[in-house]
Amino acid sequence: MNYRKLGKTNFKVSEIGYGAWGIGGKQWLGGSDDESVTALRRAIELGLNFIDTALAYGDGHSEKLVGRVVRESRGKIFVATKVPPKDRVWPAKAGVGIEQVFPYDYIITSAEESLRNLQLDTIDLLQLHVWNSEWVDRDEWKRAFADLKQAGKVHSVGVSLTEHDPDSGLSIVETDLIDAVQVIYNIFDQLPERQLLPLCAKHNVGVLARVPLDEGGLSGHLTEDTQFPAGDFREWYFRGDRKKQVVEHVDALLRDLGSDSELPKLALAFCLSHPAVTTVIPGMRTVKHAESNIAVSSQGALPEDILEIMKRHAWDRNFYN
Ligand SMILES: NC(=O)c1ccc[n+]([C@@H]2O[C@H](COP(=O)([O-])OP(=O)(O)OC[C@H]3O[C@@H](n4cnc5c(N)ncnc54)[C@H](OP(=O)(O)O)[C@@H]3O)[C@@H](O)[C@H]2O)c1
């Protein structure tokens, strides 16, 4: 496993991190706690030291599982978690004030609730789970972040940006008051390359590349007939004729690449090939997926000709609408 420095912090985090949304259950069905914990332990055994969870993932369930595994680990494991919007609206809506979404007291009590779930003394990276650039000059988030750091409850801070709107993070990166942004970045959604990633590099702000496998669209397993358990988030995400659309895009990509390499490996390597990316955080609830994904870190950046082909397969669409 290779490690990269997270922005201005002194954290050296693994290039492959662990996306812990799926292990919260509730929105991702079909897994089990035992299987998830075994996969996470195996990932750590293989050198993974960065986990991204959130209070909202299974209403604290993901944090509890993460805390359990982190507390039993011998080496340092960096834990990132998130403050859910107080109005429980994802993504943040234009025109809705920060006082309704992230008032000062609410950010503090939410971080404290996460610490109780994790049963850890400190959160390594606390992120706001939605962000609206209209709030950049407001005091609430700045004071809450500063006070949590001062109290030793949080080491570093950041925001998780709206789906397919990476530019919503430009102005907060320019404040130099955050350590990291979390953004969708994958072969289909390459928008962050235009402005966000260069700006993060310039300001030395860490980048967590989320949804690298397009919620499974780039897993290599999705077919037109794939069925998700009733109530699973992916049933909604891939609704209507979307599976067909994804299959067509993936087929075209693989045809152009003419590569023997497995699609998920290529998809993760795509993210890590950008130097501004600190870590890529796939969801992986099985040992098989954890082992296969972690192996990508030793492969290094993809060759330019492969990246050039991938650039042509950027796909402008928003399945979260
Ligand atoms: N608003 C936000 O802040 C936000 C939103 C979404 C996601 N996130 C973060 O980003 C993380 C990653 O996104 P995600 O989990 O939604 O989606 P993802 O990483 O794009 O895709 C996860 C899916 O890919 C499968 N997979 C993983 N490795 C594989 C492999 N080697 N071969 C085949 N399939 C593989 C997983 O299967 P199994 O799980 O069954 O192994 C799972 O079904 C989340 O866990 C979360 O931490 C944040």
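The separation of region 210-228 from region 163-178, counted between C-alpha centres, amounts to 28 Å.
Okay, helix-only estimate at 222 nm for the chain: each DSSP H run of n ≥ 4 adds -39500 (n - 2.57), divide by all residues, round to 500 deg cm²/dmol; what do you get?
My calculation for the chain gives -10500 deg cm²/dmol from helical runs alone.
For Leu302, the amide hydrogen comes within under 5 Å of the amide hydrogens of Ser273, counting only partners 5 or more places away or on other chains and with H modelled in the peptide plane. With springs connecting C-alpha atoms under 10 Å apart, model the chain as a Gaussian network and identify which of Ile16, Ile184, Ile98 has the largest mean-square fluctuation. Of Ile16, Ile184, Ile98, the most mobile in the Gaussian network model is Ile98. Note on Thr223 and Arg41: the extension gain reaches 62.5 nm, defined as 0.36 nm multiplied by sequence separation minus the Cα-Cα distance. Using C-alpha pairs below 8 Å separated by at least 6 residues, the relative contact order for the chain is 22 percent. Accessible surface area normalised per residue over the chain is 42 Å², counting heavy atoms of protein chains with a 1.4 Å rolling probe.
A Förster radius of 22 Å combined with the Cβ-Cβ distance from Arg116 to Glu72 puts the calculated FRET efficiency at roughly 0.75. Note on Glu248 and Arg194: the extension gain reaches 16.9 nm, defined as 0.36 nm multiplied by sequence separation minus the Cα-Cα distance. Amide hydrogen proximity for Tyr185: with H placed 1.01 Å from N in the peptide plane, the residues at 5 or more positions away or on another chain lying under 5 Å are Arg210. Going by a ≥ b ≥ c, the root eigenvalues of the Cα gyration tensor, does region 103-170 fall in the rounded group (a/c under 1.5), the prolate group (a/b larger than b/c) or the oblate group? Verdict is prolate for region 103-170. For the pair Ile309 and Asn204, the difference between a 0.36 nm per residue extended length and the Cα-Cα distance amounts to 34.9 nm.
A crude spin-label estimate for the pair Lys12 and Asp232, with each label 7 Å from Cα along the Cβ direction, gives 3.9 nm.
Using +1 on the beta carbon of Lys and Arg, -1 on that of Asp and Glu, and nothing else charged, what's the dipole of region 19-83 about the Cα centre, debye to 20? Roughly 220 debye for region 19-83. In terms of its C-alpha gyration tensor, the chain comes out rounded, because the ratio a/c of the largest to the smallest axis stays below 1.5. Taking amide H as placed 1.01 Å from N in the peptide plane, Asn49 has its amide H under 5 Å from the amide H of Ser14, each at least 5 places away in sequence or on another chain. Look at where the Cα atoms of region 284-321 and of region 12-82 average out, and the two centres are 20 Å apart. Note on the chain: with charges restricted to the Cβ of Lys and Arg (+1) and Asp and Glu (-1), its dipole about the Cα centre is near 700 debye. The simple spin-label model puts a point 7 Å past each Cα toward its Cβ; for Arg317 and Ala301 those points are separated by 3.0 nm. Over all directions, the projected convex hull of the C-alpha atoms in region 199-297 averages 7.7 nm² in area. Note: relative contact order over region 18-166, using C-alpha pairs below 8 Å and six or more positions apart, is 22 percent.
Classified by the C-alpha gyration tensor, region 1-98 has an oblate form. Its axis ratio a/c, with a ≥ b ≥ c, is 1.5 or above, and a/b does not exceed b/c.
What does the accessible area of His203 come to, in Å² to the nearest 10, when a probe of 1.4 Å is used? Roughly 40 Å² of His203 is accessible to a 1.4 Å probe.
The values are calculated or read from the model by the stated rules, or taken from the named source; none is laboratory data. The structure displayed is predicted, hence computed values, not measured ones. As a convention, Cβ positions derive from the backbone with ideal geometry for all residues, glycine included, and neighbour counts pool all protein chains shown. For the accessible areas, the whole protein counts, side chains as well, though only heavy atoms, and no ligand, DNA or RNA atoms are used. Shrake-Rupley method; radii C 1.70, N 1.55, O 1.52, S 1.80 Å.
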